[in-house]
Amino acid sequence: MKKILLICLLVCTGAWQIQASGEKAIRISTDQTDLVFKVGNNGRLYQSYLGSKLLNESDIDQLPAGKEAYITHGMEDYFEPAIHVVHNDGNPSLLLKYVSHTSANPQPDVTETTITLKDEVYPVVVKLYFDAFEKENIIKTHTEITHQEKKPVTLFKYASSLLHVNSDKYWLTEFSGDWAHEVNMSETPLNFGKKIVDTKLGSRADMFCSPFFILALDKQAQENQGDVLLGTLGWTGNFRFTFEVDQQNGLRIISGINPYASEYRLDPKEIFRTPEFIFTYSTEGKGQASRNFHDWARKYQLKDGMKDRMTLLNNWEATYFDFNEDKLVALFDEARHLGVDMFLLDDGWFANKYPRSSDHQGLGDWEETKDKLPNGIGKLVKEANARGVKFGLWIEPEMVNPKSELYEKHRDWVIRFPNREEYYFRNQLVLDLSNPEVQEYVFGIVDNLLTKYPGIAYFKWDCNSPITNIYSSYLKDKQSHLYVDHVRGLYNVLEKIAAKYPDIPMMLCSGGGGRTDYEALKYFTEFWPSDNTDPVERIFIQWGYSQFFPSKSMAAHVTSWGKQSVKFRVDVAMMCKLGFDIRVNEMKEADQQLCRNAIQNFNRLKPAILEGDLYRLVSPYEKQHSAVMYTSKNKDKAVLFAFDIHPRYSENLRPVRLQGLKPAARYKIEEINLHQGSQSRLNANGKVYSGDYLMKVGIPLFSSSHTVSHVIEITEQ
Ligand code: GLA
């Protein structure tokens, strides 16, 4: 009996491997990747390997120990630590030793490994969690910190993940920009020292840079070859990635909440759970790495990731604040005529004392403006539904304009200094979500609307301001908790909404792409990548986000921002979740017809565009052209989008080589999204080719004209 118990204990704690190999090895594997930890003779945990999967189990024994896995401040390491704790006696040291590890399968093809570490001098425990998604080759990791000291312990640093990478050269791609100029990809070599990518904006946190990166080893990142690591943090607030190359050219990547102004006083037994860091390691370049992320997101992370998406007509650019009931009802007719699933009413429908007639007032007062909408939202839902169109609504519930009744009543709910002049971003302030009363109020906005108008079928949830004037009257002497507790408060609200209204689709918007992280996307079916809807700009923006996010998570609308042809605008928007934000009736009939036709094509081709595999064929960063294709999972259908942007005079134009097809199968090429009655000018149109030919030789798709586009449907014969 004792023997059985002992075996069970050894298996459960992983100590079995100690016996087998003489050294404790903890192997976290997907189908293509291995992350291996070992426990040294000194009891400390080391990261021994990260890379392409090792084929022979016995080779694990031969791996060198590597570098300490979760480096602590105060001991002998000379570079950036993952954790920095000050104990209640003022001692700033931490030395973590391996205690145990467990492994379980919460779902088929997912293995969850937990490694427990402990300080032997102070009662502090750190647990490292790893979820390995085997088929998608994604590893998701986070940390939990807890202690049993008598008084609170202060956490100065608390990383979600520390990874060691070893290579001759490192190339980092970051995604940065500004409002209407999101996710510009720039790649730089990493040499000795530190490179930090972070934000301290609090909310709308990704306005200048996004919480994801591409790390290429040896060579610059390529689409279809080479080792790359793509990583992202699921945190809707301040994040920080630190890349540090040491004196031996080893790279450590520390990812987590930005500890800037965020020391956290942790009470005894309280658990500090860090956000999740999610990464994939690909030996076939960033194309495969992106497909790993897309598959994983649809299956495990994005809200309703495996479900359908609605096409829509939005009224933001079509009307801005200038609308009333009649104008909206006329737009419902346009939506019906266009053939979209839903109408989305944007900003400007609420507040009475200070009606929301511009962005200067009204935020916080979530009641319909009576003179604009005398019969309320209920009437609008009814009118839209009568036309076979669903009704969606814009809200920005975490914010307040100082010119509002909410501000007049509840200044204590606002993040602001009680004793200083206020500084505004877009004329507004952020509500203090660290305060449970405010969380309740924000939940109540959605709850009241859905209770009163159960016909509301969708929300666009906006967040237009970073946190300015950082002070919470609720947190009192714990001001340094605000950045962290504010985000946790937001999650409490979203969790409550998800529990009560699990089926309501929502768009995550933040003045464009100011919020684009995978934790928020647990609660949102899609996000708004940018307020910039000029299609040329969108080719770049969508290219950038596609590195991490699947097409079905990205809303793309046809608007009148760009002056290109309607066809060009439609073709760009159709690469993602298609929508419109334009006065349809003001378009030429031929263009309206083209839009209607494109919506039908989109609906028919959703299995490839929204559920399929993305292949980025020609980068707009490298050429004056761009092409991407989506291939359905069984490879019987593909859709290719090709764009001439601003070609140079007399360019040498090469055929575009396709990817992701079956070499032996034969495919018909048909150009779609054409104006009624016009013929395709592509030579390949109507012809049948083998998949092998299309992938090795390719077909001519580009021209030297400016802003010309083609959408090609490719069908197995
Ligand atoms: C933000 C959004 C826009 C629109 C406006 C409304 O800027 O990104 O799409 O909803 O707010 O004020």
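The values are calculated or read from the model by the stated rules, or taken from the named source; none is laboratory data. Only a predicted model underlies this, so the values are computations on that prediction, with no experimental measurement involved. Counting neighbours? That spans all protein chains shown, and the Cβs are built from the backbone with ideal geometry, glycine included. We work out accessible area using only protein heavy atoms, side chains counted, and drop any ligands, DNA or RNA first. Shrake-Rupley method; radii C 1.70, N 1.55, O 1.52, S 1.80 Å.
Can you name the number of the only condition in (1) touching a Ser or Thr at 6+ places or on another chain (Cβ under 6 Å); (2) open to solvent by less than 10 Å² (accessible area, probe 1.4 Å) that L217 fails?
(2)
Take Y649 and decide whether it is closer than 24 Å to G287 by Cα and not β-branched (V, I, T).
Working: closer than 24 Å to G287 by Cα: no; not β-branched (V, I, T): yes.
It is false that Y649 is closer than 24 Å to G287 by Cα and not β-branched (V, I, T).
Here is a list: A638, A573, A608, A642. Which entry is under 28 Å from S510 (Cα atoms) and aliphatic (A, V, I, L, M)? Explain how you work it out, then say what you get.
Details: A638 fails: under 28 Å from S510 (Cα atoms); A608 fails: under 28 Å from S510 (Cα atoms); A642 fails: under 28 Å from S510 (Cα atoms).
Selected residue: A573, the only one of A638, A573, A608, A642 that is under 28 Å from S510 (Cα atoms) and aliphatic (A, V, I, L, M).
Restricting attention to the range 43-52, report how many residues are open to solvent by 10 Å² or more (accessible area, probe 1.4 Å), in contact (Cβ under 8 Å) with a residue 40 or more places away in the chain and farther than 19 Å from K127 by Cβ.
2
From the residues in the range 527-544 that are under 11 Å from the mean Cα position of the chain (by Cα) and farther than 20 Å from E276 by Cβ, which one is nearest to the ligand (Cβ to nearest atom)? Walk me through how you get there before you give the answer.
Residues of the range 527-544 under 11 Å from the mean Cα position of the chain (by Cα): 527-529.
With farther than 20 Å from E276 by Cβ added as a condition, the list becomes 528-529.
Numbers: W528: 6, P529: 10 Å.
Among them, the one singled out is W528.
What pairs come up if the first residue lies in the range 614-627 and is assigned to a loop (DSSP other than H, G, I, E, B), the second is among the charged types (D, E, K, R), and their beta carbons are under 8 Å apart, counting only those six or more places apart or on different chains?
S619/E223; Q624/D644; Q624/R648; Q624/E651
Which members of the range 488-521 meet the condition of being within 16 Å of the ligand (Cβ to nearest atom) and assigned to a helix (DSSP H, G or I)? Please lay out each step first, then the result.
First pass over the range 488-521, keeping only residues within 16 Å of the ligand (Cβ to nearest atom): 506-516, 520.
Across the range 488-521, the qualifying residue is only A520.
Taking only the range 186-200 into account, find how many residues are open to solvent by less than 30 Å² (accessible area, probe 1.4 Å) and in a strand (DSSP E or B).
Selection size over the range 186-200: 3.
Just to be sure before I move on: is D477 within 16 Å of the ligand (Cβ to nearest atom) and open to solvent by 10 Å² or more (accessible area, probe 1.4 Å) in the structure I sent? Let's see the steps before the verdict.
Details: within 16 Å of the ligand (Cβ to nearest atom): no; open to solvent by 10 Å² or more (accessible area, probe 1.4 Å): yes.
When the stated conditions are applied, D477 does not pass them.
Give the residues of the range 339-353 that are more than 15 Å from the ligand (Cβ to nearest atom) and over 30 Å from the mean Cα position of the chain (by Cα), sorted by residue number.
So the first thing to find is which residues in the range 339-353 are more than 15 Å from the ligand (Cβ to nearest atom), and the list is 339-342, 352-353.
Across the range 339-353, the qualifying residues are N352, K353.
Is it true that K372 is basic (K, R) and free of Cβ contacts under 8 Å to residues at least 60 places away in the same chain?
Numbers: basic (K, R): yes; free of Cβ contacts under 8 Å to residues at least 60 places away in the same chain: yes.
Here the answer is yes, as K372 does meet what is asked.
Can you find, within the range 315-338, the residue that is nearest to E396 (Cα to Cα) among those that are of a type in the set (G, A, S) and open to solvent by less than 40 Å² (accessible area, probe 1.4 Å)? Reasoning before the result, please.
First, pick out the residues of the range 315-338 that are of a type in the set (G, A, S): 318, 330, 335.
Now drop any that are not open to solvent by less than 40 Å² (accessible area, probe 1.4 Å), which leaves 318, 335.
Numbers: A318: 19, A335: 24 Å.
Ranking the candidates gives A318 first.
Can you find a residue in the range 466-474 that is within 16 Å of the ligand (Cβ to nearest atom) and farther than 20 Å from K303 by Cβ?
Of the residues in the range 466-474, the ones within 16 Å of the ligand (Cβ to nearest atom) are 466.
From what's left, farther than 20 Å from K303 by Cβ: 466.
Yes, because at least one residue in the range 466-474 is within 16 Å of the ligand (Cβ to nearest atom) and farther than 20 Å from K303 by Cβ.
Picking from P454, P436, which residue would you name as being within 25 Å of P502 (Cβ to Cβ), more than 16 Å from the ligand (Cβ to nearest atom), free of Cβ contacts under 8 Å to residues at least 24 places away in the same chain and not acidic (D, E)?
After ruling out the rest, the residue left standing is P454.
Could you tell me how many of the residues in the range 690-706 are in contact (Cβ under 8 Å) with a residue 12 or more places away in the chain and surrounded by fewer than 20 Cβ atoms within 10 Å (Cβ to Cβ)? Break it down stepwise before answering.
If we filter the range 690-706 for residues that are in contact (Cβ under 8 Å) with a residue 12 or more places away in the chain, which is where we start, we get 690-692, 694-706.
So of that shortlist, the ones also surrounded by fewer than 20 Cβ atoms within 10 Å (Cβ to Cβ) come out as 690, 692, 695-698, 700, 703-706.
Adding up the residues that qualify gives 11.
Six or more apart or on different chains, Cβ under 7 Å: which pairs go from a residue in the range 415-428 that's within 16 Å of the ligand (Cβ to nearest atom) to one that's of a type outside the set (S, T, N, Q) and open to solvent by less than 90 Å² (accessible area, probe 1.4 Å)? Could you list them?
If the second residue must be of a type outside the set (S, T, N, Q) and open to solvent by less than 90 Å² (accessible area, probe 1.4 Å), the pairs left are F425/P466; R426/D359; N427/D359; Q428/L363; Q428/M399; Q428/V400.
Select, from K567, K563, the only residue that is away from the ligand (no atom under 16 Å from the Cβ), free of Cβ contacts under 8 Å to residues at least 12 places away in the same chain and within 21 Å of E317 (Cα to Cα).
The conditions single out K563.
This table checks each residue for (1) assigned to a strand (DSSP E or B); (2) polar (S, T, N, Q); (3) open to solvent by 30 Å² or more (accessible area, probe 1.4 Å); (4) farther than 14 Å from F37 by Cα.
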| residue | (1), (2), (3), (4) |
| --- | --- |
| V85 | yes, no, no, yes |
| N88 | no, yes, yes, yes |
| V99 | yes, no, yes, no |
| N105 | yes, yes, yes, yes |
| K118 | yes, no, yes, yes |
| V121 | no, no, yes, yes |
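Being within 16 Å of the ligand (Cβ to nearest atom) and of a type in the set (V, I, T) is the filter here; which residues of the range 314-338 pass it? Break it down into steps so the answer makes sense when it comes.
Start the filter on the range 314-338 by keeping residues that are within 16 Å of the ligand (Cβ to nearest atom), which leaves 314-323, 328, 331.
Correct list: T319 only.
Kindly indicate whether D359 is within 16 Å of the ligand (Cβ to nearest atom) and either at pLDDT below 95 or open to solvent by 30 Å² or more (accessible area, probe 1.4 Å) (or both). Give the derivation first.
On the way: within 16 Å of the ligand (Cβ to nearest atom): yes; either at pLDDT below 95 or open to solvent by 30 Å² or more (accessible area, probe 1.4 Å) (or both): yes.
Judged against the criteria, D359 is a match.
Within the range 123-163, work out how many residues are in a strand (DSSP E or B) and under 20 Å from the mean Cα position of the chain (by Cα).
Taking the range 123-163 as the starting set, the residues that turn out to be in a strand (DSSP E or B) are 124-133, 138-147, 153-158, 161-163.
Narrowing the set further to residues that are under 20 Å from the mean Cα position of the chain (by Cα) leaves 130-133, 138-142, 161.
Here the count works out to 10.
Among the numbered criteria (1) in a helix (DSSP H, G or I); (2) crowded, with 17+ Cβ neighbours inside 10 Å, which single criterion is violated by A590?
Failing condition for A590: (2).
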